Amino acid sequence: MAHVGEKDNSLVNSGVWWDGFPATALLFFSVFIGLMWWTRRHKYLPPGPFFPLRLLSNTNNRKRYLIFIKYGQEYGPIYSLRFGNSLTVVLNNISLAKEALVEKAEVFSERFVTKAVQIGSRGLKGSILMGNGDDYKELRRFGAYALRSFGVGKRSLGSKINEETSHLVEAIHKEENKPFDPVHVISNAVSNIICSISFGDRFDYDNVKFQQLLEVLRTLTTDAPLLNFPVLICPYLMYFPPFSKQIHRNEVVKNFINDVVEKHHATLDANDVRDIIDMFLIEADQRKGETGPDNVYDSSSLWRTIFDLFGAGSDTTANSILWAIAIFCHYPDTQEKVYEEIKAVLGTEKLPVYEDRHRLPYTQALLLEVQRFRPVAPIVPHLCNRDATLGGYHIPKGTRVLINLWSIHHDPEEWKDPELFLPERFLDSDQKVISPDSLVPFSLGRRVCLGETLAKMELFLFLTSLVQRFRFYVPDGMELPSLDGVSGITLSPEPYEVCAEPRN
């Protein structure tokens, strides 16, 4: 028994204080304080979850866009998340998107790119999609000029798309109305258009090397992007799957493009510009020896510029067409309405031209509804480049800002029955096409999709020509295509099979 005035060390000596419950409580308290500091939230920031557990547990990323919507239902049209020490703000309605990208474009128009993404991509020099600053502005100017120069928006390119349509129709006829996966032929056809502009050539549907390239591209855009790894460990990610596989895929694309570039070098004629590669090489030669922010025309930039144009100009439009075919299987009446309109206006022999879209209002409405119903770029990343306000909240410099196009296109405040596929929502009482401001499948503001006009031409000409010649359906007893998406950089349909019955 301890004497009066003596310290009782029995509890200490027994280890109860240090090893027992109080020590555990102290440990948890310390961890809690550390996490509070790590995830500290400015009192004027948008509300949001303490931990984005739903996103962190969604390891395969297949329905990330739906998780963003659930958070929006809980916290409102603007909310914030923390991944480690990085702050992300998500915008879920059209008014906030316009405030950020149009009204405050000088603050929110840059693209955020993490260190992990830069390593996975082997650098971003020459990137039109992910670049920032003067280099990006110069390359975007070049890209826009190049696309116009090679016919985007003009009848000449429409003729090239129709030529490719003939190859596509022939390939589908070979399936003999049996179930087949349309991703191969659709991706090849769409990619051949940007190939003809970028490489000066198209590739046959049985070209094994090109099919492998398209498969790599699809994998790159459907895999979850590398976003949230601490900077210190990023250099080591390249040695471990799945990151080592992603780096390898980028190398496959880079080597393919550089092989084409080398052939162009050997046959370059400044008086005969064949494609965008020639245009870039000539520009580089003219600027040789120049220094400054506008001189981005070198070999290390060229492959990335072509990669961005090629990737963005093929996968997104192919996905829209694949979504449309999958939707036809669920809503066969809409497919027949499109066919009847085409037959009444154009007949069954004449291939549509882009100018025909004004004579086909229901067809136009259906294409708009496809882009609303399943936007191929559901989440668009931006960066806040200075302290600002948005939606009445404080947004610190360096914050990642995600524009949730899926939420915008499924907002019940903007769209009646948004989960239903209803092309009629884009037709007025006189059956004329209307396009609400809340439809922004190509985003908006300074970063609006560079290939928007090309995508619209391809989507209209390819899909109307296919419906004119085939009825797409799933035989009785066979599972309908899933309308859930595979969410990565783009939103693609899950693999499916369909039959294509030739029209009489």
* Scan of the stretch 392-405 for residues that are open to solvent by 20 Å² or more (accessible area, probe 1.4 Å), part of a loop (DSSP other than H, G, I, E, B) and within 19 Å of Arg447 (Cβ to Cβ), ordered by number -> Lys397, Gly398
* Asked: Out of the residues in the stretch 440-458 that are farther than 24 Å from Arg155 by Cα and more than 16 Å from the chain's Cα centre (by Cα), which is surrounded by the fewest Cβ atoms within 10 Å (Cβ to Cβ)?
  -> Arg446
* Does at least one position in the stretch 202-212 carry a residue that is over 29 Å from Lys245 (Cβ atoms) and either among the polar types (S, T, N, Q) or over 24 Å from the mean Cα position of the chain (by Cα) (or both)? -> no
* Just one of Phe150, Phe180 is of a type in the set (Phe, Trp, Tyr), within 30 Å of Phe328 (Cβ to Cβ) and surrounded by 16 or more Cβ atoms within 10 Å (Cβ to Cβ); which is it? -> Phe180
* Just checking, which of Asp484, Asp476 is modelled with pLDDT under 95, touching an Asp or Glu at 6+ places or on another chain (Cβ under 8 Å) and open to solvent by 10 Å² or more (accessible area, probe 1.4 Å)? -> Asp484
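Residues are listed down the side, and each one gets a yes or a no for (1) at pLDDT below 95; (2) among the polar types (S, T, N, Q); (3) touching a strand residue (DSSP E or B) at 6+ places or on another chain (Cβ under 7 Å):
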residue	(1), (2), (3)
His264	yes, no, no
Leu268	yes, no, no
Asn271	yes, yes, no
Leu281	yes, no, no
Ser301	yes, yes, no
Gly311	yes, no, no
Tyr331	no, no, no
Lys343	no, no, no
* Asked: Right, Glu99: modelled with pLDDT of 80 or more, out of contact with any Asp or Glu (no Cβ under 7 Å at 6 or more places or on another chain) and of a type outside the set (A, V, I, L, M) or not?
  -> yes
* **Subset of the stretch 362-391 (residues that are out of contact with any Lys or Arg (no Cβ under 6 Å at 6 or more places or on another chain) and assigned to a helix (DSSP H, G or I))** => Thr363, Ala365, Leu366, Leu367, Leu368, Glu369, Val370, Gln371, Arg372, Phe373
* Would you point out the residue of the stretch 443-477, among those that are in contact (Cβ under 8 Å) with a residue 24 or more places away in the chain and in a loop (DSSP other than H, G, I, E, B), that is farthest from Ser320 (Cα to Cα)? => Pro475
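For the structure I just gave you, tell me whether Pro352 is more than 24 Å from the chain's Cα centre (by Cα), touching a residue at least 60 places away in the same chain (Cβ under 8 Å) and part of a loop (DSSP other than H, G, I, E, B). Break it down stepwise before answering.
Working: more than 24 Å from the chain's Cα centre (by Cα): yes; touching a residue at least 60 places away in the same chain (Cβ under 8 Å): yes; part of a loop (DSSP other than H, G, I, E, B): yes.
Criteria met by Pro352.
Looking only at the stretch 331-351, which residues are open to solvent by less than 30 Å² (accessible area, probe 1.4 Å) and hydroxyl-bearing (Ser, Thr, Tyr)?
Scanning the stretch 331-351 gives Thr334, Tyr339.
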* Asked: Do we have any residue at all in the stretch 355-362 that's at pLDDT below 95, aromatic (Phe, Trp, Tyr) and in contact with a helix residue (DSSP H, G or I) (Cβ under 9 Å, 6 or more places away or on another chain)?
  -> no
* Asked: Quick one: Ile327 ticks every box in (1) assigned to a helix (DSSP H, G or I); (2) among the aliphatic types (A, V, I, L, M); (3) in contact (Cβ under 8 Å) with a residue 40 or more places away in the chain; (4) out of contact with any helix residue (DSSP H, G or I) (no Cβ under 7 Å at 6 or more places or on another chain) bar one, so which box is it?
  -> (4)
* Asked: When Ile186 is evaluated against the numbered criteria (1) open to solvent by 10 Å² or more (accessible area, probe 1.4 Å); (2) modelled with pLDDT of 95 or more; (3) not basic (Lys, Arg), which criterion, by number, is the only one it fails?
  -> (1)
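The values are calculated or read from the model by the stated rules, or taken from the named source; none is laboratory data. The structure displayed is predicted, hence computed values, not measured ones. Note that we place each Cβ from the backbone using ideal geometry, even for glycine, and neighbour counts take in every protein chain shown. The area values use the complete protein model at the heavy-atom level, side chains included, leaving out ligands, DNA and RNA. Shrake-Rupley method; radii C 1.70, N 1.55, O 1.52, S 1.80 Å.
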